[in-house]
Amino acid sequence: MELRSTLMKSGVAKAPHRSLLKADGLTDEEIARPLVAVVNSVNDVIPGHLMLDKVAEAVKAGVYMAGGTPLEFSTIGVCDGIAMNHAGMRYSLASREVIADSVELAIEAHAFDAMVMIPNCDKIIPGMLMAAARLDIPTVVVSGGPMLSGTHRGKHVDLDTVFTAVGKVKAGEMSEDELLELENAACPTCGSCAGLFTANSMNCLTEAIGLGLPGNGTIPAVYSERLRLAKRAGMQVMELLERGITARQIVTPEAIRNAMTLDMAFGGSSNTVLHLTAIAHEAGYPITLDDWSEISARTPNICRISPASDYHLEDLYAAGGIGAILVELDKAGLVNRDVMTVSGMTMGEIVDSSRNYDTEVVRPVDNAYYPQGGLRVLKGNLAPKGCVVKQSAVPAHLRKLTGPARVFDSEEAAVTAIFGGEIRPGDIVVIRYEGPKGGPGMREMLTPTSAISGMPELAASCALITDGRFSGATKGPAIGHVSPEAAAGGPIAFVEEGDEIAIDIDAGTIMLAVTDERLASRRREWTAPEPRITTGYLARYARFVSSADEGAVVS
C-alpha cells in the first residue's frame, strides 16, 4: 500500500518538512522508511503508567528491527482510584473523548503510516481503541500490563481491599493501624490494579477484539515477557502495514461480539458496556443494551477474578490467559473463529494454540459459575432504556431485593449518610444527577459501594442504584447506568424518599412501586436542575454527550 507519510515528506515541495524531521535527528534513510506513531500515555501519576516508557522503548526497537521509523507522542490519562469520591472523578469518563480526539489530531496532522498504542488504565484504553477504529490505519495495541496483587497478613489483597477496609474502620471492624498496614501492602508494583477492574477488563477485551497480541491483558507489568511482547507489537505493526491490514478490518461486528462474549464469560467491569458500545459506534457497527442482553443470556460465566473471587490477574495469566477462556468458550461454539487479529492468526488459530492450565481459575462451560454472563441488563419503569449490574459479583441472597428508597442528589450526600450511620439494613440507596449530562461526567462510585461492603449489616441487605457508574472493583447489587438519567428527565429523577423499589436480577427487572399516573404527576412538577458546571471542558461535554445506554459518546 502507498505510504500516507509521502504526503508530507516526498518531493521538492516537502523539503521544509524533511528539514524539520532532520531537526528531530532523523537521517534521510529514516525519513524514507514508513513512519510509525508510538502513542504513549506514560506519566508520573498513574501506577499503571510508570513503566510505559520502557514499553515504548521496546516497541520502538521492534519497529526499527522490522524496517520502520518510530516516532513517539503522548496523550493524557486520569487515575480513577486517585480521582475517586471528589470532583475530579467528573473528568475521568470525559477524558476518554479527549484521548481519542488527541490521538486523531496527532496522527492525521503528521500523516503517520501506522501506529502502536500503549495504554493502561481505565479511560485511556477505550479512548485509544476508539481512535484506532476512527482512524483506520494499521494498528497494534500493547498495554503496560496488570499489577501484581499484594499480601497482607497471609492473604492476597488489592486496591478494592483498601476501599472496603475504609468501611470496616467506620463500622469498628478494623483499626486504623491495620488499615495503614493494608494501605502499604495492597499495591506492591506498577501496573493496572490487580483485579478484573475496568483497566484489566479492557486490556483483556483488546485481545478478543483482535487489536492486541495474545498476553496483552494478563502478562504482569513487571515481567520481562511484557517487554518482549512490546517488541513483537512493534514488529507486527510493520507486517500489518506491509499487508495493508487496517484497524477496521480487525474491528468487525464479529470481533466486537467476541469481545462482548469474553466480557460475559469473565464478568468484567460494568464500565465495559459503555466502552465497547462507544468503540462499536466509532467502528460504524452500533450495539445496544438489547445486544448485551442477548449475549449475556447465551454466555456462561466461567471465570471470576477479584472482586468476584480471591483470584487475581496473575492467576489468570498462569492459567493460560485469555486464551484459556477462549478455549472453553470455543468448545461451546461461542467464539467466532474466522475473525482476523493483529497477530497474523485468526481467532480460531489462537484458540487452537492455547490451553487451559487451571480449571479452577477458568472453569469448563459445563461447570460454570452461572449459566448467564457476568453482566446483566435490567429494565423496568425505573430504567426504561436499561441499566447494568455486575451480577457475577452479587451474592445469591441479594439477587432479589425489595426495599425503601433512600434518595440522594449527589455521591457526596450518599457517602455522608452511609458513614454517618443513616442507612439502615434493607435500604435501597439511590444516587442521581450523576449521569453523563447531570454529573457531568458520570462519576464512578467505588467509595459508597465499598463503604457498604465494609459494613456487614448493610452489605447483607442493601443495594445501590445510580445514573452514574460503579467501579469494576465494585461487588454486591450495585446497579449503574440508569437510563434515561435524572438530568434528562428520566424516572430516577422522580423517586421520592421511602418509595418502594423492587430489584430482580434473575428476571432482569427494576421496578418503582409508583403508579404511572403518580409518576406523570411528579414529572409535571419537576424542574430540571441548573448545570453544576457552566464553564470549561465539562460544560461543553455535558451539552454534547449521549446517554449511558448509547455509550456516553460525544458527537
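The values are calculated or read from the model by the stated rules, or taken from the named source; none is laboratory data. Please read these numbers as outputs of a predicted model, since none were measured by experiment. Ideal geometry is used to build each Cβ from the backbone, glycine not excepted, and the neighbour counts take in all protein chains shown. Areas reflect the complete protein model, heavy atoms only, side chains present, ligands, DNA and RNA absent. Shrake-Rupley method; radii C 1.70, N 1.55, O 1.52, S 1.80 Å.
Of note:
- Of all residues in region 287-309 being under 20 Å from the mean Cα position of the chain (by Cα) and charged (D, E, K, R), the one that is farthest from Arg363 (Cα to Cα): Asp290
- Some residue of region 307-319 being in contact (Cβ under 8 Å) with a residue 12 or more places away in the chain, in contact with a Lys or Arg (Cβ under 9 Å, 6 or more places away or on another chain), surrounded by 23 or more Cβ atoms within 10 Å (Cβ to Cβ) and in a helix (DSSP H, G or I): no
- Test: residue in region 95-102 that is in contact with a Pro (Cβ under 6 Å, 6 or more places away or on another chain), within 22 Å of Leu229 (Cβ to Cβ), in a helix (DSSP H, G or I) and charged (D, E, K, R): no
- Residue check for Thr447: over 28 Å from Ala265 (Cα atoms) and open to solvent by 10 Å² or more (accessible area, probe 1.4 Å): no
- Residues satisfying the stated conditions in region 390-401, i.e. at pLDDT 95 or above and either within 14 Å of Glu497 (Cα to Cα) or open to solvent by less than 10 Å² (accessible area, probe 1.4 Å) (or both): Leu398
Per-residue answers, yes or no, for (1) touching a helix residue (DSSP H, G or I) at 6+ places or on another chain (Cβ under 7 Å); (2) without any contact (Cβ under 8 Å) to a residue 60 or more places away in the chain; (3) part of a loop (DSSP other than H, G, I, E, B); (4) open to solvent by less than 70 Å² (accessible area, probe 1.4 Å):
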{"residue": "Leu458", "(1), (2), (3), (4)": "yes, yes, no, yes"}
{"residue": "Gly476", "(1), (2), (3), (4)": "yes, no, yes, yes"}
{"residue": "His481", "(1), (2), (3), (4)": "yes, no, no, yes"}
{"residue": "Gly498", "(1), (2), (3), (4)": "no, no, yes, yes"}
{"residue": "Ala502", "(1), (2), (3), (4)": "no, no, no, yes"}
{"residue": "Arg523", "(1), (2), (3), (4)": "yes, yes, no, no"}
{"residue": "Ala552", "(1), (2), (3), (4)": "yes, no, yes, yes"}
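Residues are listed down the side, and each one gets a yes or a no for (1) surrounded by 24 or more Cβ atoms within 10 Å (Cβ to Cβ); (2) touching a helix residue (DSSP H, G or I) at 6+ places or on another chain (Cβ under 8 Å); (3) modelled with pLDDT of 95 or more:
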position: Ala186; (1), (2), (3): no, yes, yes
position: Cys190; (1), (2), (3): no, yes, yes
position: Cys193; (1), (2), (3): yes, yes, no
position: Leu196; (1), (2), (3): yes, yes, no
position: Met202; (1), (2), (3): yes, yes, yes
position: Glu207; (1), (2), (3): yes, yes, yes
position: Phe266; (1), (2), (3): yes, yes, yes
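- Residues of region 434-447 classified as over 14 Å from His481 (Cβ atoms) and either at pLDDT 90 or above or part of a loop (DSSP other than H, G, I, E, B) (or both), total: 1
- Positions within region 50-66 being in contact with a Pro (Cβ under 8 Å, 6 or more places away or on another chain) and open to solvent by 30 Å² or more (accessible area, probe 1.4 Å), in sequence order: Lys60, Tyr64
- No other residue among Ala413, Ala417, Ala405 is open to solvent by 10 Å² or more (accessible area, probe 1.4 Å), outside any loop (DSSP other than H, G, I, E, B) and within 21 Å of Ala493 (Cβ to Cβ) apart from Ala413.
- Hey, Thr277 outside any loop (DSSP other than H, G, I, E, B), buried (at least 24 other Cβ atoms within 10 Å of the Cβ) and not basic (Lys, Arg) or not: yes
- Test: residue in region 281-291 that is within 16 Å of Ser201 (Cα to Cα), in contact (Cβ under 8 Å) with a residue 60 or more places away in the chain and open to solvent by less than 50 Å² (accessible area, probe 1.4 Å): no
- Considering Gly144, Gly172, Gly167, the condition of being crowded, with 20+ Cβ neighbours inside 10 Å and part of a loop (DSSP other than H, G, I, E, B) is satisfied by Gly144 alone.
- Residues that are of a type outside the set (Gly, Ala, Ser), touching a residue at least 12 places away in the same chain (Cβ under 8 Å), open to solvent by less than 10 Å² (accessible area, probe 1.4 Å) and within 22 Å of Arg134 (Cβ to Cβ) are absent from region 323-330.
- In region 355-389, the residues that are surrounded by 20 or more Cβ atoms within 10 Å (Cβ to Cβ), without any contact (Cβ under 8 Å) to a residue 60 or more places away in the chain and over 14 Å from Gly267 (Cα atoms): Asn356
- Scanning region 244-256 for residues that are buried (at least 22 other Cβ atoms within 10 Å of the Cβ) and either charged (D, E, K, R) or in a helix (DSSP H, G or I) (or both) gives Ala247, Ile250, Ala255, Ile256.
- Taken over region 80-98, the criterion of being under 18 Å from Met130 (Cβ atoms) and open to solvent by 20 Å² or more (accessible area, probe 1.4 Å) is satisfied by Tyr91, Val98.
- Asp122 being open to solvent by less than 10 Å² (accessible area, probe 1.4 Å) and of a type in the set (Asp, Glu): no
- Cβ-Cβ under 7 Å pairs, at least 6 apart or on other chains, region 16-45 side closer than 25 Å to Val142 by Cβ, far side among the acidic types (Asp, Glu) and crowded, with 17+ Cβ neighbours inside 10 Å: Pro34/Asp113; Leu35/Asp113; Val36/Asp113; Val38/Glu72; Asn40/Glu72
- Residue among Thr402, Thr416, Thr346 that is β-branched (Val, Ile, Thr), within 30 Å of Val482 (Cβ to Cβ) and free of Cβ contacts under 8 Å to residues at least 60 places away in the same chain: Thr416
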